[in-house]
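Input: a single structure, listed below in structure tokens.
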Amino acid sequence: MSFLAVESLTRRFGGLTAVNDISFSVERDEILSLIGPNGAGKSTVFKLIASFLRPTAGRVLLEGAVMSGRRPHEVARAGIVRTFQETTVFKEMTALQNVVVAHQLGLAATAFGAYLGTPAARADAREALESAAEILDYLGLGHIRDEKARNLPQGHLRALGIAIGLSARPRVLLLDEPFAGMNLEETDRAVAMVEGIRRRGITILLVEHDMRAVMRISDRIVVMNFGSRIAEGTPAEIRANPAVIEAYLGRDDETIGS
Amino acid sequence: MARHLAAASAPELARAFDSRRGAFALLLLALLLYGLVPAVFAGRAYWLNVMTNAALLSFASLGVWVTFAIGRVNIGQGAFALIGGYTTALLATVLHWPFWLCLPVSAVVAGGVGFLIGWPLLRLRGIYFAMVTLSLTEATRLFFLNTIRDNGGGVLNIPRPPELATPLAFYLFAATLLLLGCAGVWRLANSRIGWVFRSMRENEELAMSIGIDITRYRILAFVICSAMGGVTGGCFALLQQNIYPATYTIADSINFLLYCFLGGLEFVLGPIVGAFGLVLTFELLRSIQEFQALLYGVLMIVVMLFLPNGLLSLGAVLRRGRGGGR
Amino acid sequence: MAATSSRYFEARRIGVSYDRVTALSEVSIAFDAGGIVALIGANGAGKSTFLRATSGLVALAGGEIWFDGQRLDRIPAAARVAMGIAMVPEGRRVFPLMSVRDNLLMGAHVRRDRGVARDLDVMLDRFPRLRERLRQAAGTLSGGEQEMLVIARALMSRPRLLLLDEPSLGLAPIVVRDIARLIVEIRRDAGTSIVLVEQNSRMALRISQYAYVLETGRIGLEGASQDLLNEERVRELYLGG
Amino acid sequence: MEQVIINGAILSANYALIALGITLIFGIMNVLNFAHGQLFMIGGLVVYWISAVVGLPYGVGVAAATLSVGLIGMAMERGLFARVMAEAGREENAMLLAVGTAFLLENAALYLFGEKQRGIPPMVQGVYRLGAAFLPANRLVVFLISVALVIAVLVFVHFTRTGRAMRALAQDRTATTLMGVDAGRISMLGFGLGAALAGIAGALLISVTGVNAGVGAAISTKAFIMIMIGGAGVIGGALLGALALGFAEAVGYALFPGSVTYLIIFVALIVFLLVRPQGIMGRPWG
């Protein structure tokens, strides 16, 4: 049994089939990347796995338990946590507040207990704070933890988005274009960061454009185009696959030119 | 959460979660309500009554502030004040229950109604939520108008308990209620729940993604708001010793909203500053009777144009202005 | 700095920031009339930002933009259209609830001459698919048809400079080919200068004469498109060589 | 039955003017105009002043009402909403500004005209009979003018350059700017047109039901109901909403005593929104 299994996932919007019968599986502690040109349906797959969308057909299983049809927070509680593209953080909070707030799972105290300030709630708060500080330091954000998120540069925001995701104690972390818009040096650091997250025992599913980073970091790659799966394999296999090259660069058509 | 963070860790974290200033402000509010107001207005029934009004309006607005905290513009507080007011009025006049029992029951009834309709209603956002809650106010008014046959839908001669017979006594009761409400909401805003609310206001999807059951918390906020509206309605019914369907109209629901805005949505004290500020301004403008309402309207617009974050942001604006000048 | 520019189009060391994030810094791009210039680079490299700055949707934090002897960067966005600059924004932003015809007429908003009706006809001859769907709401068109529509819409203003933001985005290869052919034709027939921003770098390099590669807000590489097409570094950037 | 249909049609036609106005403003500016009913009220009172106080013909009154309320609308856009929008602050701030304006307009009207219900004599006398129903000639005239105006507005937004720009602006502000449209100017005109429509509605209705300074909130509420039914910012939706509300009122008043009608309308509306949050034709929200 696969750790995370995507079975015949299909999603239609009106007449448009955004995702068409997609199947793949992710093994424990694996880094699997989902790639494809813009509009290929990667983001839709992503949302389907995190239950932010309901599939028209097919299902998603985590360790054999069906996730599809559950509400997003329930799926998060089960261990599938997604991040968002770019600047989706709580902008009016400081970095530390962002990450502390994200520690809503695995708390000992009830909400009412937290309101009253029971010892359990106090322990929760202390733990959340320590864990938040640790996560921020780990992702290299320790020095900006009291900065309001809205004032942070894009690179930090993306790391903060990942910090928020990590705070929810994921077993599978879905990363949405974590390297987009980074220069080579930044990408190197981010790649190291993602590998570090995997070492924490977290399985990673990645949606990404940056082929360079994807080739370096992935154990396996699934390629999508026009809603369908066109290839799956190791980075070396994918790189040699003509269908993938065409999906990315367009066909080398001699009739176009000047 | 904030207070415990402060206890648990370095003082910088207390600063990060901004809790001490809140405690200080609460203390100041208590001093003003229990000290200054009675000292200045003792024996002046009219002004004590004005202050009582302001305190009760603040209490209802605090509830509206809680729905603001989850990112919803709620124009339905008048409906819950009506529900609470009628609950108290009917229990006191028909069943002859004592007021001290009617009041909590009003809170429960209003909160219960909020619970029942909150689940479907809160799926709406933006202007749709605003408009549907506005409709709720009007629907509730029409409901009481059509279900209570006598006195044009009114309930009259609500008995007052002897403890609250004097204007000063009633004022002190209202002030106490407000302080309790303020402390309660302040605690809420600074607890884990408050931070969850804030996260939902900023981005519901992100909140969901980290495992927050946003439906549950939305309803919690709405029920708190409704219950506070119910309590306010019950108190006003007692203060005026009557209630009519027209006691709370859309205009009142909008006023609760205005108080929050004028005071400042970022501050728990916002609705209180807004309500007292507007009520007092209105009274002070009374001397120029003819233009009172006009000036009041102009003032409202001017404040909203130039202090979009409310009166309490004045300090921050001035500080920034001076900083920029240098 | 000179108080004018001898080039048809010249952006001099322009910078753009969103909030406090720098999207472009010290970018200089210049070209003469009648060519196709390609801008390629990764997501977030600043390609779209450059177009938005040229069309006036974002203000410059520094630098100057000159077009046909006029200083452009202080002119409001709407007025730049009347000067002959038309932009096709990313994501095929048709007016979804308006008919195809109304969309095309919106493109001619700045024109007061009598030629609009004739141009509409010419445009529909060129895009027979659009003629078939003239009264249909634009939101119901397919992706390729919408791309045709937004390009046709931009042409309705008779631009001298056409800015295209990712026209091939999410389109099938065969449609991409049609779009590419169309872009070449526009330049050939009307002599329109074109700035083409593309993820599909091979297509962009094939149909352009000169190209710039943007890397995180700066120009990393520039040169004749033919040369870049064979450049190892460009291949590497897009295939993870 | 015939009477209900006639009443419903007359109400719908007048409501359509109100709904078109508020939906135009919402579509273009994304502002829920809480002052819409007050604009209606001012339209009515201007007619009252021109024809009953000054003594000029009714037509002059209607023209003056249209013009003055339209100008008030443009001033609101320029002085208040354009500024708030430019700062990209909270959506609610614009809403609250509209509330403030409503308050101001209402109190200005109270100060100038007092609380009394004001009316003017009907333009034309006489009553027609249609089967079992009665149709006062004055109401027929009001109905015909309203329908003509609705058609004129539809023609304007669909077939003129400015009208097209207004529709475009409501759908995509950025893309519209890229067409060379001066978004500021079109916003101002759109707000002015929306306001003027409210003013005309008031100017027409004063000869039927009369108008008083306090009528604004009720009219605004009706306007909100209509756009909630049809979907905010969609012109076809506004017309649908007007039809639905007009006929619901006509039927309700024929079947139920007084305020029960609106109680039912509100409850039905709340239930309807739960099933279809974006209205019949609305764009999905949020």
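The values are calculated or read from the model by the stated rules, or taken from the named source; none is laboratory data. Please read all numbers here as calculations on a predicted model, not as lab measurements. Heads up, the Cβs are rebuilt from the backbone with ideal geometry, glycines too, and the neighbour counts pull from every protein chain shown. Side chains are part of the model used for accessible areas, which takes the heavy atoms of the whole protein and leaves out ligands, DNA and RNA. Shrake-Rupley method; radii C 1.70, N 1.55, O 1.52, S 1.80 Å.
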Can you give me the pair-distance distribution of region B:192-246, C-alpha pairs, 10 Å bins, whole percents?
22, 35, 19, 19, 7
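How large a share of the accessible area of the protein assembly as shown, in percent, is made up of carbon and sulfur atoms when the probe is 1.4 Å and the other protein chains stay in place? Can you show the working numbers first?
On the way: 25070 of 42730 Å².
Exposed carbon and sulfur together represent 59 percent of the surface.
Just from its helices, what would the mean residue ellipticity at 222 nm be for chain B, if runs of 4 or more DSSP H residues each count -39500 (n - 2.57) and the sum is divided by every residue, rounded to the nearest 500 deg cm²/dmol? Please list the in-between numbers first.
Details: 16 runs with 241 residues, N = 326.
So the calculated ellipticity at 222 nm is -24000 deg cm²/dmol.
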Assuming a ≥ b ≥ c are the square roots of the Cα gyration tensor eigenvalues, decide whether region D:102-171 counts as rounded (a/c under 1.5), prolate (otherwise, with a/b larger than b/c) or oblate.
oblate
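Just the accessible area per residue of chain D, please: how many Å² with a 1.4 Å probe?
Details: 10650 Å² over 286 residues.
Dividing the accessible area of chain D by its residue count gives 37 Å².
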If I ignore ligands, DNA and RNA and count only protein heavy atoms, how much of A:His143 is accessible to a 1.4 Å probe, in Å² to the nearest 10?
140 Å²
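Rounded to the nearest whole Å², what accessible area per residue is found for chain A with the 1.4 Å probe? It would help to have the intermediate numbers written out before the result.
Details: 10000 Å² over 258 residues.
Heavy-atom SASA per residue in chain A reads 39 Å².
If you rank D:Lys222, C:Lys47 by how much accessible surface each has, with a 1.4 Å probe, what is the order from largest down? Mind dumping the intermediate values first?
Values: D:Lys222 40, C:Lys47 10 Å².
Of D:Lys222, C:Lys47, the descending order of accessible area is D:Lys222, C:Lys47.
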The farthest towards the positive end of the charge dipole of the protein assembly as shown, of the residues A:Ser167, B:Ser191, B:Val268, given +1 on Cβ of Lys and Arg and -1 on Cβ of Asp and Glu, is B:Val268
Averaging sequence separations of C-alpha pairs under 8 Å and six or more residues apart, then dividing by the length of region C:74-196, give the relative contact order as a whole percent.
36 percent
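Please report the buried accessible area for the interface of B with A, total over both chains, probe 1.4 Å, in Å² to the nearest 100.
On the way: alone 15930 and 12870 Å², together 25620 Å².
Rounded to the nearest hundred, the buried surface is 3200 Å².
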Please compute the length gained on full extension between B:Phe24 and B:Val298, using 0.36 nm multiplied by the number of residues separating them and subtracting their Cα-Cα distance.
95.3 nm
So if I place +1 on the C-beta of Lys and Arg and -1 on the C-beta of Asp and Glu, and nothing else carries charge, what would the dipole magnitude of chain B be about its Cα centre? I want it in debye, nearest 20.
740 debye
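Go through region C:68-167 and name the trypsin sites (Lys or Arg not before Pro) that are in a DSSP coil and have 12 or fewer other Cβ atoms within 10 Å of their Cβ.
On the way: sites: C:Arg71, C:Arg74, C:Arg80, C:Arg92, C:Arg93, C:Arg101, C:Arg111, C:Arg112, C:Arg114, C:Arg118, C:Arg126, C:Arg129, C:Arg131, C:Arg133, C:Arg135, C:Arg153, C:Arg160; in loops: C:Arg74, C:Arg92, C:Arg93, C:Arg111, C:Arg112, C:Arg114, C:Arg133, C:Arg135, C:Arg160.
In loop regions of region C:68-167 (DSSP not H, G, I, E or B), the sparsely surrounded trypsin sites (Lys or Arg not before Pro) are C:Arg74, C:Arg112, C:Arg114, C:Arg135.
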To the nearest Å, what is the center-to-center distance of region C:36-63 and region A:144-209, using C-alpha atoms only?
26 Å
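For region B:44-248, what is the convex hull volume of its Cα atoms per residue in Å³? Before the final figure, lay out the partial values.
On the way: hull volume 23.1 nm³, N = 205.
It comes to 113 Å³ per residue, whole-number rounded.
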Among A:Lys148/D:Lys222; A:Lys47/C:Lys47; A:Lys47/D:Lys222, which pairs are too far apart, with a Cα-Cα distance over 32 Å?
A:Lys148/D:Lys222; A:Lys47/D:Lys222
Helix-only [θ] at 222 nm, chain D, -39500 (n - 2.57) per DSSP H run of 4+, per residue, nearest 500, equals -23500 deg cm²/dmol
Let me have the 222 nm mean residue ellipticity of chain C computed from DSSP H runs of 4+ only, each contributing -39500 (n - 2.57), with the sum over all residues rounded to the nearest 500.
-10500 deg cm²/dmol
Top positive-direction residue, dipole computed over the protein assembly as shown with Cβ charges, set A:Leu206, B:Asn49, B:Met208
B:Asn49
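Relative to the Cα centre, what is the charge dipole magnitude of region D:157-286, using +1 at the beta carbon of each Lys and Arg, -1 at the beta carbon of each Asp and Glu, and rounding to the nearest 20 debye? Let's see the in-between values first.
On the way: 8 positive and 3 negative charges, 65 e Å.
Taking the Cα centre of region D:157-286 as origin, the dipole is about 320 debye.
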nm² value of the averaged projected area, convex hull over the Cα atoms of region D:2-214
12.5 nm²
Order the following by accessible area, largest value first: A:Glu30, A:Glu147, B:Glu266. Probe radius 1.4 Å; ligands, DNA and RNA are ignored.
B:Glu266, A:Glu147, A:Glu30
Largest-first principal axis extents, alpha carbons of region A:1-142, Å:
52, 32, 30
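Expressed as a rounded percentage, what relative contact order does region A:90-169 have, with Cα pairs under 8 Å and six or more residues apart? Please list the in-between numbers first.
Working: 80 pairs, mean separation 38.8, N = 80.
Over region A:90-169, the number comes to 48 percent.
Rounded, prolate or oblate: which fits the protein assembly as shown when a ≥ b ≥ c are the square roots of the eigenvalues of the alpha-carbon gyration tensor, with rounded for a/c under 1.5 and prolate only if a/b beats b/c?
In terms of gyration-tensor shape, oblate.
Pop the C-beta distance of A:Ser2 and A:Glu127 into the FRET formula with R0 = 30 Å and round what comes out to the nearest 0.05.
0.40
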Heavy atoms only, probe 1.4 angstrom, no DNA, RNA or ligands counted: give me D:Ile265, D:Ile151, D:Ile280 ranked by accessible area, highest first.
D:Ile151, D:Ile280, D:Ile265
With the dipole of region C:1-136 defined by +1 on each Lys or Arg Cβ and -1 on each Asp or Glu Cβ, the option from C:Met106, C:Ala23, C:Leu134 whose Cα lies farthest towards the positive pole is C:Leu134
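Can you bin region C:1-60 into rounded, prolate or oblate? Criterion: square roots of the alpha carbon gyration tensor eigenvalues sorted a ≥ b ≥ c, rounded for a/c under 1.5, prolate for a/b above b/c, oblate for the rest. Let's see the in-between values first.
Numbers: a/c = 2.17, a/b = 1.37, b/c = 1.58.
Cα axes put region C:1-60 in the oblate bin.
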Relative contact order [Cα under 8 Å, 6+ residues apart], region C:9-238, whole percent
28 percent
Kirkwood-Stokes translational diffusion coefficient of region A:90-169, alpha-carbon pairs, 20 °C, 1.002 mPa s, µm²/s
169 µm²/s
Can you pull the accessible area of B:Tyr217 for me, 1.4 Å probe, Å² to the nearest 10?
20 Å²
